[in-house]
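The values are calculated or read from the model by the stated rules, or taken from the named source; none is laboratory data. Only a predicted model underlies this, so the values are computations on that prediction, with no experimental measurement involved. Counting neighbours? That spans all protein chains shown, and the Cβs are built from the backbone with ideal geometry, glycine included. These area figures cover heavy atoms from the full protein model, side chains too; ligands, DNA and RNA do not enter into them. Shrake-Rupley method; radii C 1.70, N 1.55, O 1.52, S 1.80 Å.
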Amino acid sequence: WGDVEPAPPRGSKPRYDWKGLDEAVLHWQLAGLAPVLVLSPASPWAAAPRADSAWLQEIDRMLPRPEAAGARRAATGVPPLRADTWPQWERFVRDLVERYDGDGRADVAGLRAPVRHVQVLDRADDPTAWIGSEDEYLRLLHHAGLGAQAASTDCRVLATSVDIRATG
């Protein structure tokens, strides 16, 4: 998200820079591929403070201080969103799906086929990808689903893969 919308909206107007993603999607399509866009809620302006992460707080509670400190350093994943930025996440997903849904409204020029799938994060069970809670991840999916469906009923939001061996 932060790569496409690096700054918060001005009023209600988002400030997108689609150039890099447009080039990637069109390049993949030109090569005959049907991309699945993997979305990350990483945003310099919408993220909650890392210290508020449920995952980091749980690590501090469960591990002795030296081990907790090591786990914190290794946990480079995306923190959850601030409470006031969930509507902006949903709006971003809506606008992204609208850009690549192939319906002729606000589509990127040169789109060869609609993008039918977006995935929220990759390996959300890995703290190098995500340091929010399971409930916060489900909320990400929920708002992404609402945004995607507002743009196109043909687009599916996919959940991340999870390594069941790592769940204990």
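A few points about this structure:
- Label-point gap, in nm, between Asp3 and Trp45 - each point 7 angstrom along Cα→Cβ: 1.9
- Legend: translational diffusion of segment 35-100 by Stokes-Einstein, Rh = Kirkwood radius over C-alpha pairs, 4 °C, 1.567 mPa s; D = 94 µm²/s.
- Taking every C-alpha pair closer than 8 Å and separated by at least 6 residues, the mean separation divided by the residue count of segment 15-104 gives a relative contact order of 29 percent.
- The order of the peptides 21-31, 59-69 by mean Cβ neighbours within 10 Å, most packed first, is 21-31, 59-69.
- Ligands, DNA and RNA left out, the 1.4 Å accessible surface of the chain is 55% carbon and sulfur atoms.
- With Cα atoms, 0 to 90° folded angle of helix 86-100 axis to the chain main axis: 40
- Between 0 and 90 degrees, the angle of helix 19-30 with respect to the longest Cα principal axis of the chain falls at about 70 degrees.
- Percent of beta bridges antiparallel (DSSP, the chain, rounded to nearest 5): 20
- Rounded tilt (10° steps) of 134-151 against the dominant C-alpha axis of the chain: 10
- Rolled with a 1.4 Å probe across the full set of protein chains, the surface gives His142 an accessible area near 110 Å².
- Ellipticity estimate at 222 nm from DSSP helix runs (n ≥ 4, -39,500 (n - 2.57)) divided over the chain, nearest 500: -12000 deg cm²/dmol
- Sorted peptide list for 144-150, 107-113, 92-98, 9-15, criterion being average Cβ within 10 angstrom, highest first: 92-98, 144-150, 107-113, 9-15
- Every pair of different Cα atoms in segment 1-84 enters the Kirkwood calculation, which places the hydrodynamic radius at 15.6 Å.
- Using a probe of 1.4 angstrom and keeping all protein chains present, the accessible surface of segment 11-168 works out to 56 square angstrom per residue.
- Counting only Cβ charges, +1 for Lys and Arg and -1 for Asp and Glu, the dipole size of the chain around its Cα centre is about 240 debye.
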